[in-house]
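Written out below as structure tokens is the structure these notes cover.
Just so it is clear, none of the values below were taken in a lab; they were calculated from the coordinates. Source: prediction; values computed, not measured. As a convention, Cβ positions derive from the backbone with ideal geometry for all residues, glycine included, and neighbour counts pool all protein chains shown.
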Amino acid sequence: MVQLTGPKKIKSAVFISGTGSNLKSLIKFSKKKNSPISIELIISDNSKAKGLKFGKIFKISNKVFNYKERKIAEKKIVSEIKSKKIKLICLAGFMKILSKDFIKSFKGKILNIHPSLLPKYKGLNTHQRALSNNDKYSGCTVHFVNSRLDSGKIIIQKKVKINKRDTVKTLAKKILIQEHKLYPKAISKVFSL
Ligand code: GRF
């Protein structure tokens, strides 16, 4: 656990590509008095990401970077992050893979939420894979990001029961509800005021 002194919150950025429901839950969490983080920046690779609206609603600056050339995009992201003195990056449905160099330069400062009980089902289509294997449980995981996909140290997990009638849609919905609670919990676990 990282102990913080004083009332200062850790300046954080959230990276998204889509709906941004986890972003919304993180923003709400950050506004709580005892939250260890403040969210100063939202970054996306997708100008059409629905979640960008939360930047407007909560008055947090949004930046969209064109990922056609990852190297250039990441260079711009690094300079944005440094200028805003961001100390924590929360990936929340960010669909681009960060380069090894990027991850190295923010070692131990990047978190991700993944919709499975890692190490099971790294990568995409986690719900479909859990259903096809007739798993009894699935869930979600918050972990540190290292240079191997969905393989960094696990911080916290939540199990969700799979019912016989579950479809990809119903399972995704159930797990997402838990994700919204789990990400703030993970942050509280790692950083305490
Ligand atoms: C979540 O299921 C998250 O675990 C995965 O992508 C989804 C993002 O959903 N990495 P949202 O954009 O936060 O609503």
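Do the conditions hold for residue 85, that is, is it surrounded by fewer than 20 Cβ atoms within 10 Å (Cβ to Cβ), assigned to a loop (DSSP other than H, G, I, E, B), basic (Lys, Arg) and on the phi > 0 side of the Ramachandran plot? In short, yes.
A single entry from 10, 37 fulfils the requirement of being within 24 Å of residue 140 (Cβ to Cβ) and over 14 Å from the mean Cα position of the chain (by Cα): 10. Restricting 99, 83 to residues that are away from the ligand (no atom under 16 Å from the Cβ), touching a helix residue (DSSP H, G or I) at 6+ places or on another chain (Cβ under 9 Å) and hydroxyl-bearing (Ser, Thr, Tyr) narrows the list to 99.
Within the range 64-80, work out how many residues are surrounded by 11 or more Cβ atoms within 10 Å (Cβ to Cβ) and farther than 16 Å from residue 105 by Cα.
Final tally of qualifying residues: 4.
Between 35, 25, which is more than 13 Å from the ligand (Cβ to nearest atom), touching a residue at least 40 places away in the same chain (Cβ under 8 Å) and not in a strand (DSSP E or B)?
Testing whether each residue is more than 13 Å from the ligand (Cβ to nearest atom), touching a residue at least 40 places away in the same chain (Cβ under 8 Å) and not in a strand (DSSP E or B) leaves just 35.
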